[in-house]
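Student: Have a look at the structure that comes next, please.
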Amino acid sequence: MSLVKPLRLLLLGAPGAGKGTLTSRLLKQFPSISSISSGDILRSQISGGSELGNEIQSYIKQGKLLPDDLMVKLITGELNDRNWLHKDATWLLDGFPRTVGQASTLEQVLRAKTSSLNLVVELDVDQKVIIDRIEARWIHAPSGRVYNLDYNPPKVPFKDDITGEPLSKRDDDNAEVVTKRLELYNQSLAPLKEYYQKSNVLHTVSGNTSDIIYPKLADLVLSKFGN
Ligand code: G5P
Ligand code: MG
């Protein structure tokens, strides 16, 4: 089955909830979807070594959110560069917006192009399982591919499956910073959910593994945007 209506989806979820993992699965099942991960965009700025990259790194290392105006500029710039600011575009955002300020500015930008987000899915995962998952996470930074030593290990230990390049740890994947990131997420979630509830696009899928959540997410997408 494929998608027949344009989908503009936001995946909302705590650090380690599986946004990146579920994005990869959706892209595999529905090749018409493309995605932007705010974290990946920020990490690619950091690896460029610019002054902006250094500033971004200091926020991420401390588990703090970057200022709304910088995030909006980066992500709407990316949407514009990819020619995704129109009503027929199909895409998925992972990790942005994550404050009401970001959400309302994105909405204004999209509305000006007669577009809008038309599905927001909260991934509801018990936060007790998250720290273990994140401590076992390794990434291929240039592509954003995500591995886990227990759950989805690379074919060759510590090497990317596609390029064979070495995997690395994220600067913010230690228990202390993850705890901070979770606190911030929990503070921003309620107002953001309230914001998207008003426009009737919010759904929640629950489950403690991505194998439980994925079929629910894919069914939701198909029921609303598939044939
Ligand atoms: P990010 O990069 O957006 P977070 O904190 O929102 O970071 P994160 O950590 O990337 O989210 P995820 O994508 O939800 O988590 O999870 P994932 O990578 O798919 O899965 C986590 C691990 O669990 C992986 O190893 C995966 O293989 C494994 N896994 C998945 N499913 C299962 C399962 O079922 N079982 C098991 N055992 N394992 C599983 O943002 C980073 C920072 O950038 C800034 C902030 O500083 C933020 O902290 N930032 C922003 N700041 C302001 N505004 C924004 N919009 C910002 N966006 C980013
Ligand atoms: Mg992620």
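The values are calculated or read from the model by the stated rules, or taken from the named source; none is laboratory data. No experiment lies behind these values; they were computed from the predicted model shown. We place every Cβ from the backbone using ideal geometry, glycine too, and count neighbours over all the protein chains shown.
Student: Do we find a residue being surrounded by 13 or more Cβ atoms within 10 Å (Cβ to Cβ), without any contact (Cβ under 8 Å) to a residue 60 or more places away in the chain, within 10 Å of ligand 1 (Cβ to nearest atom) and of a type in the set (D, E, K, R) anywhere in region 194-215?
Tutor: No, region 194-215 contains no residue that is surrounded by 13 or more Cβ atoms within 10 Å (Cβ to Cβ), without any contact (Cβ under 8 Å) to a residue 60 or more places away in the chain, within 10 Å of ligand 1 (Cβ to nearest atom) and of a type in the set (D, E, K, R).
Student: Out of Glu122, Glu107, Glu165, report the one residue that is within 18 Å of Asp40 (Cα to Cα) and either free of Cβ contacts under 8 Å to residues at least 12 places away in the same chain or among the charged types (D, E, K, R) (or both).
Tutor: Details: Glu122 fails: within 18 Å of Asp40 (Cα to Cα); Glu107 fails: within 18 Å of Asp40 (Cα to Cα).
Just a single option satisfies the conditions, and that option is Glu165.
Student: Next question, about the same structure. Which is on the phi < 0 side of the Ramachandran plot, in contact with a Ser or Thr (Cβ under 8 Å, 6 or more places away or on another chain) and in a loop (DSSP other than H, G, I, E, B), of Leu66, Leu11, Leu85? Break it down stepwise before answering.
Tutor: Values: Leu66 fails: in contact with a Ser or Thr (Cβ under 8 Å, 6 or more places away or on another chain); Leu11 fails: in a loop (DSSP other than H, G, I, E, B).
The conditions single out Leu85.
Student: If I go through region 44-63 residue by residue, how many of them are in contact with a helix residue (DSSP H, G or I) (Cβ under 8 Å, 6 or more places away or on another chain), within 12 Å of ligand 1 (Cβ to nearest atom) and in a helix (DSSP H, G or I)? Don't jump to the end; show me each part of the working.
Tutor: Kept after step one, since they are in contact with a helix residue (DSSP H, G or I) (Cβ under 8 Å, 6 or more places away or on another chain), are these residues of region 44-63: 45-47, 52-54, 56-57, 60-63.
In the following step, the residues that additionally are within 12 Å of ligand 1 (Cβ to nearest atom) were identified as 45-46, 56-57, 60-63.
Those left that are additionally in a helix (DSSP H, G or I): 45-46, 56-57, 60-61.
So the answer is 6.
Student: Go through (1) of a type in the set (Lys, Arg); (2) more than 10 Å from ligand 1 (Cβ to nearest atom); (3) closer than 24 Å to His140 by Cα one by one and return the number of the condition Lys113 breaks.
Tutor: Every condition holds for Lys113 apart from (3).
Student: Identify all residues within region 28-43 that are hydroxyl-bearing (Ser, Thr, Tyr) and either assigned to a helix (DSSP H, G or I) or without any contact (Cβ under 8 Å) to a residue 12 or more places away in the chain (or both); write none if there are none. Spell out the reasoning first.
Tutor: Step one: of region 28-43, the residues hydroxyl-bearing (Ser, Thr, Tyr) are 32, 34-35, 37-38.
Matches in region 28-43: Ser38 only.
Student: Let me ask you something else. How many of the residues in region 139-166 are farther than 21 Å from Ile36 by Cβ, assigned to a strand (DSSP E or B) and not charged (D, E, K, R)?
Tutor: Qualifying residue count, region 139-166: 3.
Student: Turning to a different aspect of this structure: From (1) among the aliphatic types (A, V, I, L, M); (2) in contact (Cβ under 8 Å) with a residue 24 or more places away in the chain; (3) near ligand 1 (Cβ under 8 Å from one of its atoms); (4) more than 25 Å from Ser32 (Cα to Cα), pick out the condition that doesn't hold for Ala136.
Tutor: (2)
Student: Kindly provide the set of residues from region 130-152 that are under 15 Å from Pro15 (Cα atoms) and either of a type outside the set (Gly, Ala, Ser) or modelled with pLDDT of 95 or more (or both), ordered by number.
Tutor: Result: Ile130, Ile131, Asp132, Arg133, Ile134, Glu135, Arg137, Trp138, Ile139, Val146, Tyr147, Asn148.
Student: Can you name the residue in region 51-110 that is among the small types (Gly, Ala, Ser) and away from ligand 2 (no atom under 16 Å from the Cβ) and is also farthest from Arg181 (Cα to Cα) among such residues? Steps first, please.
Tutor: We begin by selecting, within region 51-110, every residue among the small types (Gly, Ala, Ser); these are 53, 58, 63, 77, 89, 95, 101, 103-104.
Imposing the further condition that a residue be away from ligand 2 (no atom under 16 Å from the Cβ) reduces the set to 53, 58, 77, 89, 101, 103-104.
Numbers: Gly53: 20, Ser58: 14, Gly77: 25, Ala89: 31, Gly101: 18, Ala103: 19, Ser104: 22 Å.
Once the filter is applied, the top-ranked residue is Ala89.
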